[in-house]
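Please read the structure below before turning to the comments.
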Amino acid sequence: MAMAETAEEISKKPEVRQALSQTSGPKAGTEKVKAATKDKFWFITHALLIVGCAVLYYLVGSKLIPVPQNTVDLSRRFLRGAALIVIVLAIAKAISIYAIGRLDDAATRFTLRRIEHLAVQTPMTSFLGWIYILIRRPYQVGDRIQIEDATGDVIDVSYFDTTLWEFGGKYLSTDHPSGRIIKFPNSKVLSVMVFNYSWPLFPYIWNEIKFYIAYDSDLEFVSRTMQKITEEEIGEEMMERVAMFRELLAKTPVDELEVRERPRVIFRVNENTWLEAIVRYLVPPREAGSIKTRLLPKLLAALNAAPEKTKFPKGDAR
């Protein structure tokens, strides 16, 4: 009785090899051809996009396309950014095809493609953030902003990140520049709140100075004195700013009558059995520290001149 043929012997028979080539060979070859065609299509598309950006860049600067002069630089900057993103995508595609795609281990290919996707996603979202900054203008160069824990003046907005000159910060208790530079990706503006202290329509902030005084102090004298000293320092400027602020608020549901034209003094009960005497006023953000520095000695001198009316904490009661 003849021994059973092995799979290897069977596969070597001419008729079997012909049958295998008819079932698997053409199909595999077809798939490879399709994949190669698709890859070429992507590379040609990327090349055409880069060429298109280059042509538009030239046309915008050559006045062949009627673009307002004030938008020429912006248009060219956008085109440079778009070309840069296309180049990044083309490089990522090449890595995916000619490096990752040739690995035999499917698990490794999957992991590396996930890593590649994340690496490409970061500059893409930051570029979208840059476009958002250009269009919506949550801030621009020269503005003082806060984003998450970072606070500073914007000194540069590039395609992928924003640079701040920090003020205040970890080592200072005032709004003086710290000397540190902060960089964050533009993608941040798409997911977190941005506080802008330099809104063009109203580039001012409310500031206040607070003192602790006894309950039996002459509150009318304290209020009148603090308001008088603050008005002498910033009164006329503040009234002009508040008038502008009221015009803006009149167009909103907010009650603009609650916004006082002059510095306002309020009293608040403190849990340490003292009263808080607070004077509130408007200042440009960058002048908040200097104005407070000028006001403090003047306020203290005026209040200390009448110790029987202004009773500050003394000794162990401080």
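Observations, loosely collected:
- Flag for Val86 being part of a helix (DSSP H, G or I), within 30 Å of Lys183 (Cα to Cα), more than 19 Å from the chain's Cα centre (by Cα) and modelled with pLDDT of 80 or more: yes
- Residue in the stretch 93-150 that is most open to solvent (accessible area, probe 1.4 Å), counting only those that are free of Cβ contacts under 8 Å to residues at least 24 places away in the same chain and hydroxyl-bearing (Ser, Thr, Tyr): Tyr98
- If you filter the stretch 44-53 down to residues that are surrounded by 13 or more Cβ atoms within 10 Å (Cβ to Cβ) and out of contact with any Leu (no Cβ under 6 Å at 6 or more places or on another chain), you find that the one that is farthest from Thr122 (Cα to Cα) is Gly52.
- For the stretch 54-66, the criterion of being within 30 Å of Ser191 (Cα to Cα) and exposed (fewer than 15 other Cβ atoms within 10 Å of the Cβ) is met by no residue.
- Entry remark, the stretch 179-191: residues being open to solvent by less than 40 Å² (accessible area, probe 1.4 Å) and either among the β-branched types (Val, Ile, Thr) or assigned to a strand (DSSP E or B) (or both) number 3 in total.
- Members of the stretch 212-238 found to be small (Gly, Ala, Ser) and part of a helix (DSSP H, G or I), listed by number: Ser223, Gly235
- Residue in the stretch 24-47 that is under 31 Å from the mean Cα position of the chain (by Cα) and at pLDDT 60 or above present: yes
- Filtering the stretch 166-173 for residues that are surrounded by 17 or more Cβ atoms within 10 Å (Cβ to Cβ) and of a type in the set (Ser, Thr, Tyr) leaves an empty set.
The values are calculated or read from the model by the stated rules, or taken from the named source; none is laboratory data. None of these values were measured; they are calculated from a predicted model. Heads up, the Cβs are rebuilt from the backbone with ideal geometry, glycines too, and the neighbour counts pull from every protein chain shown. Calculation scope for accessible area: heavy atoms of the full protein, side chains included, ligands and nucleic acids excluded. Shrake-Rupley method; radii C 1.70, N 1.55, O 1.52, S 1.80 Å.
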